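All remarks here apply to the structure that follows.
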Amino acid sequence: MSRLSLSLPAVVLVGMFFAVPLVMAVVQSLQVDGRWTIQNYLDLFQLPFSRSIGTTLVVSVWTTVITILVSIPACNFVAKRGGWFANVFFLGMALAFTLSVLTRTLAWQILLARNGFVNTLLMDAGLIDEPLDLLYTRSAVLVSMVQVFIPIAAMVLYSGMKSIDRNLVMAARSLGASAVQAFRHAYWPQFKGSLVFAVLIVFSGSIGTFVVPAVLGGPDDAMFGQLMNGVLTSDAMNGASRASAAGVLMIAFLSVVLLVGLRIMGRSGAAAAPALVGGIAQRGEVR
């Protein structure tokens, strides 16, 4: 069989479930009251869409940063220990995946309520005199989103750290490299790919999150998905067109982020690290 015939099923599936809906969304986004126009895209840069875009970007960036910073130390510890530590780690990640995002979000709603566990614990400890308003805030959204994405980021980061050849780092150090030089030329080229991949997954997932901000967020912290849903359900005439424009803009933005991420990854991986370490020694950068 030819390569074309072998790849035909994949091409058909991608066309049916991605290309065709995307083309339909683009066509729909360029219509208002049956007329062809770009007004839907212009509206995205006006209130309330512009505020929602800003909120979505801020929450997504903070979610990504916190998730990665929390995951890296734990994954590094497990990757170094291995054995039953790794088994327990994978079991915990698997258990986290068995619970739906909605279930975990509702659990945070119970914990953060005015009469919930967190406020009760703080009051019993004498740290506060009256319950705090923890629900329907941006902080509540961030806490829940980080909890949702940590298992995904941790699995990716652990896979990358486990495959790192630490002998290269030791070799660089034995050749006289400083800790910073060893990290930059021996460790980072092997770890860069998994880190960028984890960042892309968490950030892209955060951009499109709907359940968490809808359940835990306040009216002033509406994210892009909520606004798309609101427009789609409230405007019978042009709601679908405006929501389609928002979706197309989101896809275009994430495509740019993906391309930038792939550009940053470059020749990452263990295959590039030995050549880098050898090149360092030859150029005299390792003293």
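What the table shows:
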{"quantity": "Translational D in µm²/s for segment 63-109 (Stokes-Einstein at 37 °C, 0.692 mPa s, Kirkwood Rh from C-alpha pairs)", "calculated": "269"}
{"quantity": "Segment 96-112 - phi-based ³J(HN,Hα) in whole Hz, Karplus 6.51/-1.76/1.60, Gly and Pro as x", "calculated": "5, 6, 6, 8, 6, 4, 4, 4, 5, 5, 5, 5, 5, 4, 5, 5, 9"}
{"quantity": "Area projected by the alpha carbon convex hull of segment 139-230, averaged over all directions, nm²", "calculated": "7.3"}
{"quantity": "Convex hull per residue volume in Å³, alpha carbons only, for the chain", "calculated": "219"}
{"quantity": "Convex hull volume per residue for segment 1-40, taking Cα atoms only, in Å³", "calculated": "69"}
{"quantity": "Per-selection metrics, segment 169-220 (Cα): Rg and Dmax in Å", "calculated": "19.2, 58"}
{"quantity": "Under-5 Å amide H pairs with Val32, H placed in peptide plane, nonlocal only", "calculated": "Thr37"}
{"quantity": "Alpha-carbon Debye profile of segment 27-72, log10 I(q)/I(0) at 0.26, 0.30, 0.32, 0.34 Å⁻¹", "calculated": "-0.86, -0.95, -1.00, -1.04"}
{"quantity": "Signed unit charges on C-beta, dipole axis of segment 21-127, positive-most listed residue Gln109, Thr64, Phe89", "calculated": "Phe89"}
{"quantity": "Mean Cβ count within 10 Å, highest first, over the residues of peptides 176-185, 153-162, 3-12", "calculated": "153-162, 176-185, 3-12"}
{"quantity": "Rounded to whole Å, sorted largest first: equivalent-ellipsoid semi-axes of segment 74-133, Cα gyration tensor", "calculated": "33, 17, 7"}
{"quantity": "Accessible carbon and sulfur surface of segment 1-57 relative to its total accessible area, %, 1.4 Å", "calculated": "74"}
{"quantity": "Gyration tensor verdict on segment 199-264 (Cα atoms; rounded if a/c is under 1.5, prolate if a/b is larger than b/c, oblate otherwise)", "calculated": "oblate"}
{"quantity": "Per residue accessible area of the chain, 1.4 Å probe, in Å²", "calculated": "57"}
{"quantity": "Positive dipole terminus of the chain, leading residue within Val202, Gly247, Ile38 (C-beta point charges)", "calculated": "Val202"}
{"quantity": "Vicinal HN-Hα couplings computed from phi for segment 129-141 (Karplus, 6.51 cos²θ - 1.76 cosθ + 1.60; Hz; Gly/Pro x)", "calculated": "9, 9, x, 8, 8, 8, 6, 6, 10, 5, 4, 5, 5"}
{"quantity": "Segment 5-115: mean projected area of Cα convex hull, nm²", "calculated": "14.1"}
{"quantity": "Theoretical ellipticity at 222 nm over the chain - DSSP helices of four or more residues, -39500 (n - 2.57) apiece, nearest 500", "calculated": "-23500 deg cm²/dmol"}
{"quantity": "Cβ crowding within 10 Å averaged over residues, with 65-77, 202-214 ranked highest first", "calculated": "202-214, 65-77"}
{"quantity": "Ordering of 52-63, 13-24 by burial proxy (mean other Cβ atoms within 10 Å per residue, highest first)", "calculated": "52-63, 13-24"}
{"quantity": "Simple Cβ-charge dipole of the chain, Lys/Arg +1 and Asp/Glu -1, about Cα centre, in debye nearest 20", "calculated": "1420"}
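The values are calculated or read from the model by the stated rules, or taken from the named source; none is laboratory data. Quantities reported herein were computed from a predicted structural model and do not represent experimental measurements. Glycine also receives a Cβ, built like all others from the backbone with ideal geometry; neighbour counts cover every protein chain displayed. We work out accessible area using only protein heavy atoms, side chains counted, and drop any ligands, DNA or RNA first. Shrake-Rupley method; radii C 1.70, N 1.55, O 1.52, S 1.80 Å.
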